Every structure is written in structure tokens, then in C-alpha cells.
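Inspection log for the structure reproduced underneath, given as C-alpha cells.
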């Protein structure tokens, strides 16, 4: 240390840097804490100097912070583990090109440990760049590839724009975040966040050795566990993975925006944006969005869905390892296969898991050139392969990612999830199909017909999922509903029912193949069948239109039939779509043919207004479409609770202002008397009590004739179940035309 002491004494006595806008330190200069010296980047955005985390703290650190932000925000700390207890600290660059901090007794507090190779004619300098990166370089060489050392290689809790967050394989450097212990203490806490390159890389957040969160693997667009990482106006981002480097980086789209990412002392990965008008940092997004982002919450082969009342479920083909634990919401032990794989006998198949975060990839292998068919074949060759997926989801998908361990940390997303294919024992139960009297289609035939279920072939969304038509693994409906729809449609013969051509139950899929209907919206309603069918989900999206605009009723997955002398049918669940369910069905689980009459009434009013009942809003009030159309009712659903906003909503109907309901595109082209009558009939169909509603034969008669119409009573959703007093019901006006109402009771479980 004698040579070092001489250097320190000579430099401190001969030269000091001032607080002027000087961005470099040479081997003849230093920064002293006692003198309040700093260096500032050339664009004045960042400053380097000594600081204390709080006014009452005596600990001193050398750090970098924003220069133009009124609230000091530190983005990097050199001696975060070894603070100086007074203001004797000196920061300097020695003649060997090493940055160091020393104290009053000339003890070294921190050093860059940099290795410098230079020619005799080149001086080495340390510079604070405009990016906030502190670098050591030759004075005449500004090429980043030639930096001897840079602070960006040793981040603290902050990930700045243009920083490469990841691993430099050439230098053996891992660039990861370590949180502060608290907002007042920059020393490293237990929380770390960085890339794990085992298998296919992913970002892992740990508390000590315990995993807290996984980003999921990069899928070509974003990390599969970060659906909120979207193209935006604030920053652009990029992922690089090759033989030399693995890193994620971002750049700000506008130089006037100040944004940073941090690992907070609580272990939260956050993006913050400085709001100058409010003089505060605004939280833009967090990587961990909800409880389903807790690593491995549902255990092996469990899938987490935050939208469900019970967050964890087992993947299809699996069941809870310990049922009693599962019932108490202790899910960590996960799920096990219902049937063992039969790899040797070739009996294994695969189940698609769409719209999900991909499982932990530490036990994976990957190939960038394989296609998905080759990936599947490769997985089948190895009995330990548990799943496969595309490596890159862009342009229809490419590459191959294979799992060779239990699948952990899967979660469902309503949007922006990706698709993986999980291995399971492939069963084709002939007993399931022998009574269906339908052709069975090969899975590959359907895949070819839909271009491997490409979005270009997608017609829409239904209760089963995407409509090609394909049964979705995300659906809450299962085998019972699938069988019900197949059997119901197969037995019905009517020109107004969509034609079911066949089905497929291969590859763990359950798919229905319908005739193609070119037009996809509602025209009119025709109801006739040799069976009396209660559809239970009559809505606009279930009325398909052919090329001539002829309507066809579809989606009989929830239908119930009444035939011959049968007057009742029992079911275990109330299922349907809020906004179309009748009050007695939604509240008490009582359904009948009059339940579909209510849905038909809603459709009539939707056709006239051009607006959907569910989700309808008006600028002057919070009523839905039915409430607006006659100012009669307002249907609000909060789980199973349904309420009304009161009698005031009668105004349009009572004041004779029917025509205010008409869609603007229809005005001037419709016959007002016909529209007025249709509105009146629609109101009769949505009356509160089923016995007050006309049946469909009477509705058809009303629509096609000039017979007098009774006055509707106030429809609506009320929690009281009393019968109206004498004189309140309009049923007496057409009782002689109404069929008897057939009712049954069920349990509530909305769709």
C-alpha cells in the first residue's frame, strides 16, 4: 500500500474536480466527499458523487443518480456493502486504470477490479456516459466493445435503458438485479432477479434460494409469462440469445420520457415513469400481476387461473395428488396422471393447452429449425418427454421446445397466452360415440382444413372456445356438454337448425364439425321441432346466417328436451349467458319454454336498437338495453346477485317514445307501425313472470297479424318471488292462447 498512499497524497494535494459539467476522471483527478465534488454526464442527465440515503444517515456511498429530477433517485451504488461512516471518502482512477474508493486511513473500500491493456501513448479515463453508464476506456477509443470496465455489467437494483440485462458468455458475466434491503439501505437484500440459462433461458426472481416468480421463456414476441409486455409508445424492447450473449434490453422511444425498471425491496419487478407535473415516479406496470404469478402455486401439472373462484385446477388427464389438501386450497403438491403413460406400446397422445404461460423451462431442450410436427415426433421418441411447443410463435410458429420433467408454473390467460402440447395417455372410448350416429373425422384432416387451427380460419368465439368449430381446452364445459350437443343435434331434424356433420375425439381433443355458415349475425327467429327443446342459451351469437341470410339456431350444448308427455327435466347447473337469462332461471334455476321466450324478446329489442343488451350503456344513466328500450328494467349481475334500479325506467314506453329505440341505420327505411308493434311484442316476451309471457306460437301469430296486443306489465329482475296481485298480470288478455308452463328446478352455476 505504500505506492498507493503516495498516489493518493500527491493527487489529493494537487487536483480536485469541481461540480462543473465534467464527465470524466483521469489518473490525475479524483472526487472527494468532503469537497462535495461530482461528475456529470455530457447531456446533464446523470451525476456521480457521494450521498447518504436519508438526511439523518451517517453512512456515505458513491453512486449515480438522475441530475434533472428533483427527488434524488439513485440508479447505481458502488460500495453498497461497505459504506463509509464519515465524509472522508475519495473516488479516484489509478494509473493502472482501476477505479477505487478509499477512506481517511487510505483503506480501500471498493475497487472496479478492472484489467487494462493499453499502449504507452493512450491515457485511460473514467467517464459517466449519457446513459448513466460509468465506463473505463482509452481516452481516444469510444467503441463500447473496447471498454475495460463498465457499471452496466454490475447493476444494482435498477435496469436502465440500453443496459444489457443478462449473461455475457465470453466474459463470464451475469448481469442481474439485487434489491435494496429497504428504501433507506442500499445494501443487497435476499431478492435477486436474473436470467437462468439452464434449458431454454427464462428470468427467475428468487428470495435467497427460493423461487418467487418466472418470466417464462421468450416466444418471439415477449416472455410468455409477461402478457403486459406489449408494443407501446414509451419504449421498445429486444431479446438476444446466441453463442456470445444472452440479454434483454430496451430503449426509450422519446428522449423526454424518463423510465426505469427496478427490483423493489419487497421483491416486486416494477417499471416506473417520472411524471414531471406531479414530481413523482408513477408505477407503469409490474411483472407480477396477481396471485397466479407466485411460482409453482398449483404444483406439478396444475394450472392457475385467476378468473376462477378456485385458482388451481389440474391439467386435463390429471387429478390432485392429495384430494383433501386440494379441497383446502393447499395446492403445492400438485397433480398426478389419472393413467400412466404407455410410451412403449405407442398409446400416448397429446392435449393442447392454449392461452397459457409455458411451464418452467430449466429441464428443456430446444431446436430452432424444427417445425411443430417434427417437434411432436421428437417428443414421442423419448418416454421422458412430457410436453412440446413452438419456440417462436411468430408467422405461424417455428422451432421446437421439449420438456423432460414435471410441468410446473403454468397459468391461464384470457388473452395473449401461447400454446403448449402436454403428453397424456390417449384413450378413444368407443362407448362414447356408438350412439351418436355421426361420422368420426380424423384429427389431421381437421387440422389440415383449418391450416392447423390458424387465426385466419377462425370465425369467432363460442362457449366451447374458438369457432372453426373446435372444442377449447379453456372451456368450462366438458364431456357432458359435448355429448349433449352431439346427441341433441343428431336426433333433431329441422331445416332451421345448423347441421352437425361429424365430430373428432382424437389427440385428446373433442371437436364438432358443422356446416359452414357464411354470415355470422342475427336475422330472425324460427322455432319448430318434433322435440320440444329448451335451448337455455338463445342469443344473437348463436343464430348463424347462411349465404342467403337464412337463420340457423346453433350451440345446443346446454339444451334440454321435453318429448311426449314429459313436463319436466332436471339438471345440476344453471348455465347460459347473462343478459339473456330469464329472471326465474337466473335467480331460482327454474326453466321452461318461457325461458327461451324471454331470450327471444331480448333478441327482438337488440335487432331494433342495434345494441347488445349485456354491456349496453347510455350517457344519461346506467341502464342496460332492456332498461333503456322501455325504461323498465336494469339487469346487473354480480355473480348470482341480480337487482333492479326501479320503476322510473318506464318513461320511453309509457310516454309513447318507442321510436327513440330504433337503430339510426333503420330510421327512414322502416315501417314505424311495424317497429312499434315489434317493440311491444318484445316487451311482452321479457315480462317478469313466465306465465305472463306469450308462448312462441302466439308470438308468431302476433308478429304476422293485427290482433290486439295486451299491455305488458313491468318486467324486471327482483329478488321477491311473490305472485302479482289480481289485475297486475296481462296474462288474462291472452290466456286462452297460452300453453301451460312447464317448470323444473336446478342449481345455480353461471356459464
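The values are calculated or read from the model by the stated rules, or taken from the named source; none is laboratory data. Computed from a prediction, not measured in an experiment: that's the story for all the values here. No Cβ is skipped: glycine too gets one built from the backbone with ideal geometry, and neighbour counts run over all protein chains shown.
Filtering region 259-310 down to residues that are assigned to a strand (DSSP E or B) and free of Cβ contacts under 8 Å to residues at least 40 places away in the same chain, which residue is farthest from residue 192 (Cα to Cα)? It comes out as 275.
Please specify each residue of region 233-253 satisfying the condition of being in contact with a strand residue (DSSP E or B) (Cβ under 9 Å, 6 or more places away or on another chain) and outside any strand (DSSP E or B). Listed by number, the residues that qualify are 234, 244, 253. Any residue in region 234-245 that is surrounded by 13 or more Cβ atoms within 10 Å (Cβ to Cβ), within 21 Å of the chain's Cα centre (by Cα), more than 21 Å from residue 193 (Cα to Cα) and in the same structural domain as residue 387 (by TED's automatic domain parsing)? No, region 234-245 has no match at all. Filtered by the rule that a residue be touching a helix residue (DSSP H, G or I) at 6+ places or on another chain (Cβ under 8 Å) and modelled with pLDDT under 95, region 117-145 gives 137, 138. Just so you know, in region 281-322 the residues that are closer than 30 Å to residue 69 by Cβ and surrounded by fewer than 13 Cβ atoms within 10 Å (Cβ to Cβ) include one that is nearest to the chain's Cα centre (by Cα), and it is 283.
Within region 200-219, the set of residues being more than 13 Å from residue 267 (Cα to Cα) and not in a strand (DSSP E or B) comprises 200, 201, 209, 219. Restricting 101, 167, 142 to those that are part of a strand (DSSP E or B) and either free of Cβ contacts under 8 Å to residues at least 60 places away in the same chain or within 21 Å of residue 82 (Cβ to Cβ) (or both) reduces the list to 101.
Would you pick out the residues in region 119-138 that are free of Cβ contacts under 8 Å to residues at least 24 places away in the same chain and touching a strand residue (DSSP E or B) at 6+ places or on another chain (Cβ under 9 Å)? Result: 119, 122, 135, 137, 138.
Residues in region 145-164 that are over 27 Å from the mean Cα position of the chain (by Cα), crowded, with 16+ Cβ neighbours inside 10 Å and outside any loop (DSSP other than H, G, I, E, B): 149, 150, 151, 152, 153. Taken together, 69, 109, 12 contain a single residue that is at pLDDT 90 or above and not in a loop (DSSP other than H, G, I, E, B), which is 109.
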